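Reviewing the structure listed below.
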């Protein structure tokens with residue numbers, strides 16, 4: 001099995017289930033299908049699992065195409081620093097762009113957005129008051145990633161969520177990159193319900 005499941009920390013893990021969304025950071029695997037690097041392009045995107053034009057190559061590490069990465073849901077993908085794909089998830093991408101412009105100003109091409117996210121990913125986790133964070137954001141709680149939702153907290157481990165806890169008080173370590181947190185606050189909602197149970201390839 002290839003370690004192509006991505007957790008909220010952005011780490012590569014090996015799990016049998018694929019989750020609800022696919023991701024793309026470029027070609028990360030070698031000729032033997034083994035992942036050798038964590039990214040190739042600054043455009044880290046979250047894609048549908050459904051068939052789409054241009055995804056003709058079968059498998060998760062096709063010889064002449066990008067490496068298929070997988071996430072439990074879009075909140076996990078955002079915590080890892082991904083944005084919606086402008087092709088296969090056009091409607092969600094438009095909502096994302098609208099919220100991004102509300103949060104960061106009306107200018108900003110997709111390349112500029114990707115560059116801003118790349119900078120934020122490189123900066124890593126940061127501190128913020130828990131009460132200021134919108135739903136869908138991942139934080140560290142007891143050294144474990146956990147998703148905020150209302151006054152609840154959903155710990156993440158081994159590709160799924162544990163039973164909810166009460167949201168912590170005070171300052172917390174935020175995993176979701178700051179530009180995406182601002183975009184959530186401006187109205188963008190990451191999709192938590194998977195778009196498909198499994199890919200067709």
Legend entry - Options [x] 59, 34, 29; [y] 46, 43, 31; [z] 48, 39, 28 - which one matches Cα extents along the principal axes in Å as calculated here: [z]
Inset, instruction - Report the antiparallel proportion of the DSSP beta bridges in the chain as a percent, rounded to a multiple of 5. - result: 90 percent
Inset, instruction - Arrange the peptides 77-84, 39-46 so that the one whose residues have, on average, the most other Cβ atoms within 10 Å appears first. - result: 77-84, 39-46
Inset, instruction - Post the alpha-carbon centroid distance, segment 21-47 to segment 93-145, in whole angstrom. - result: 21 Å
Legend entry - Listed peptides 6-13, 173-180 by packing density, highest first (mean Cβ within 10 Å): 173-180, 6-13
Legend entry - Dimensionless Rg over Rh [segment 126-185; C-alpha; Kirkwood]: 0.92
Inset, instruction - Could you tell me whether segment 1-90 comes out rounded, prolate or oblate from its Cα gyration tensor? Rule is a ≥ b ≥ c as square roots of the eigenvalues, rounded for a/c under 1.5, then prolate if a/b exceeds b/c, otherwise oblate. - result: rounded
Legend entry - Top of 137, 76, 191 by mean-square fluctuation, Gaussian network on the chain, Cα under 10 Å: 191
Legend entry - Gain on full stretching of the segment that runs from residue 157 to residue 122 - 0.36 nm per residue minus C-alpha separation: 10.3 nm
Inset, instruction - Report the residues of segment 93-114 in range of a label on residue 185: point 7 Å along Cα→C-beta, backbone N strictly under 12 Å from it. - result: 103-104
Inset, instruction - Report, in deg cm²/dmol and to the nearest 500, the calculated mean residue ellipticity at 222 nm for the chain, where each DSSP H run with n ≥ 4 adds -39500 (n - 2.57) and the sum is divided by the residue count. - result: -6500 deg cm²/dmol
Inset, instruction - Could you tell me whether segment 102-201 comes out rounded, prolate or oblate from its Cα gyration tensor? Rule is a ≥ b ≥ c as square roots of the eigenvalues, rounded for a/c under 1.5, then prolate if a/b exceeds b/c, otherwise oblate. - result: oblate
Inset, instruction - Note down the nm distance, to one decimal, between modelled labels 7 Å out along Cα→Cβ at residue 38 and at residue 178. - result: 1.9 nm
Inset, instruction - For each of 22, 1, count neighbouring Cβ atoms within 10 Å of the residue's Cβ, then give the residues from fewest to most. - result: 1, 22
Inset, instruction - For helix 110-123, report the angle its Cα long axis makes with the longest principal axis of the Cα atoms of the chain; keep it between 0 and 90° and round to the nearest 10°. - result: 70 degrees
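Where a number appears in this text, it was derived from the coordinates with a stated rule and is not lab data. Since we're looking at a predicted model, the values are computed, not measured. Cβ coordinates were reconstructed from backbone atoms using ideal geometry, including for glycine residues, and neighbour counts include every protein chain displayed.
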